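No value in this document is a laboratory result; all are computed from the given coordinates. This structure is a prediction, so every number in the text was calculated from the model and none was measured. We place every Cβ from the backbone using ideal geometry, glycine too, and count neighbours over all the protein chains shown.
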Amino acid sequence: MSEVLVRKSAVIRKRFPWGWVVLGGLAVLALGALAASKGAPVSVSVSAPTVFKAGERNPMVTASGYLVARTRATLSSKVLGRVSWLGVQEGSRVTKGQVLARLESPDLAASRDQVKAQLDQAKVDLDRAMKLQALGIQDAATVDRLRSQKLTLEAQLAYQAALLDSMELKAPFSGIVTQKLSEVGETVAPGSAGGANAINAVLVMADFDTLEVEVEVNEASIAKLTRNMPAEIRVDALEGQGKRAVLKGRLREIYPSSNRQKAVVVVRVAIVDKDSLLVPDMGAKVTFLGEPYPQDVVVLGREQVKKQDGRAYAWVEENGLAVQRFLTVVAENPVGLEVSGLAKDARLIVAPPESLKAGAKVKVRG
């Protein structure tokens with residue numbers, strides 16, 4: 001009897017569809033989870049829009065570039081020679097006319113002394129001849145020849161002095177030495193190419209009082225710029241320095257030429273309030289400013305403004321719901337899009353998911 005019961009239970013276990021039961025249970029759980037997820041709020045992040053207060057200037061164009069010194073020079077010698085003395089180092093402050101370096105010139109000094117001795121003798125001879133002429137002993141032709149010889153020697157002495165003066169390298173303006181390109185004992189030559197390409201140059205110096213920013217502005221934006229318009233300058237080296245990080249500037253010059261490869265125009269921006277940390281070749285970003293806003297203006301990032309049937313809108317969070325707030329794009333600036341129809345304290349949904357629906361429940365992260 002017991003054997004018959006065991007055989008029957010084995011047959012039941014074999015024929016009963018346990019796999020389908022398990023699959024059906026999993027399906028029920030999945031449907032329950034799906035239903036629960038549909039009712040769960042969407043997790044989102046929110047941010048406030050950018051607001052320009054009334055009286056703040058409208059940003060028109062932004063451009064990046066570098067600090068340059070308007071007054072800058074690469075100094076070379078006038079003649080071929082060897083450096084015998086160098087009186088400055090990188091960072092040395094110099095004044096206009098200060099002697100910065102000297103070349104070896106013993107031969108020129110000896111030649112100058114020789115001409116000077118000859119000139120002294122010519123003066124004595126001329127003086128003696130003029131006295132004899134007054135007594136009627138010396139003829140006028142001899143006096144004229146001695147006078148001509150004296151003038152010739154004076155010209156030669158001036159020439160020798162000019163040669164000796166060219167062996168000294170003097171500062172053409174007041175400024176700071178930024179590079180030392182030669183050392184004592186090295187032979188230098190006149191620069192065959194000007195500027196930074198000068199061959200065998202001795203020093204590079206710049207006037208830091210003329211520091212300004214050189215930027216390249218796209219041709220499509222150059223019509224928005226005018227000379228002397230205000231600008232904000234942000235130098236990379238001053239980031240995190242509070243008020244020092246933003247410097248006031250003004251557009252000094254728009255170069256009358258364009259780069260055909262890059263389709264840009266070079267613009268120079270003068271720095272109104274200079275900082276002691278600024279040096280040439282630092283990176284900088286310039287924002288050119290237009291007229292002040294007459295009233296507060298709300299600005300959104302371009303990625304925050306969506307389109308539906310030709311109408312612009314932005315997703316905002318209100319009372320735990322996702323709201324599709326329609327708005328009007330008034331203008332555009334480098335920061336983003338100036339809009340109307342949106343409160344200044346609106347809670348913008350950052351990077352809303354594509355599946356987000358109006359009226360959906362949302363939960364703000366953090």
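Structure summary
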read-out: Relative contact order (%) - segment 72-206, alpha-carbon pairs under 8 angstrom, separation at least six; value: 47 percent
read-out: For a label point 7 Å along the Cα-to-beta-carbon line of Val68, residues of segment 228-254 with backbone N under 14 Å; value: 252-254
read-out: Gyration tensor verdict on segment 72-206 (Cα atoms; rounded if a/c is under 1.5, prolate if a/b is larger than b/c, oblate otherwise); value: prolate
read-out: Karplus-derived HN-Hα couplings along segment 298-303 (A = 6.51, B = -1.76, C = 1.60, θ = phi - 60°), whole Hz, x at Gly and Pro; value: 8, 10, 10, x, 4, 6
read-out: Between 0 and 90°, nearest 10: helix 106-134 axis offset from the chain longest Cα axis; value: 30 degrees
read-out: Backbone N under 19 Å from the Asp120 label point (7 Å along Cα→Cβ), restricted to segment 161-193; value: 161
read-out: Calculated from backbone phi, Karplus (6.51, -1.76, 1.60) coupling profile of segment 265-270 in Hz, x at Gly/Pro; value: 10, 7, 10, 9, 10, 6
read-out: Which label in [x] 58; [y] 54; [z] 74 gives the computed percent of Cα pairs over 26 Å apart; value: [z]
read-out: Anchor Lys150: aspartates and glutamates whose Cα lies under 18 Å away (excluding residues fewer than 8 positions away in-chain); value: Asp113, Asp120, Asp125, Asp127, Asp139
read-out: Too-long pairs where the Cα-Cα distance tops 21 Å, listed order kept, from Lys224/Lys307; Lys78/Lys116; Lys96/Lys180; Lys224/Lys344; value: Lys224/Lys307; Lys78/Lys116; Lys224/Lys344
read-out: Given charges at beta-carbon only (K, R positive; D, E negative), |dipole| of segment 72-206 in Debye; value: 340 debye
read-out: Set of aspartates and glutamates near Lys285 by C-alpha distance (under 17 Å), chain-local residues within fewer than 8 positions excluded; value: Glu212, Glu214, Glu216, Glu232, Asp236, Glu239, Glu253, Asp273, Asp275
read-out: Cut-off 14 Å, label 7 Å out along Cα→Cβ of Glu303, residues of segment 333-357 by amide N; value: 336, 349-354
read-out: Residue-count net charge about Ala162 - beta-carbon cut-off 12 Å; Lys, Arg +1, Asp, Glu -1; value: 0
read-out: Charge dipole (the chain, unit charges on Cβ, about Cα centre) - positive-most of Thr74, Leu100, Leu356; value: Leu356
read-out: Simple Cβ-charge dipole of segment 305-366, Lys/Arg +1 and Asp/Glu -1, about Cα centre, in debye nearest 20; value: 260 debye
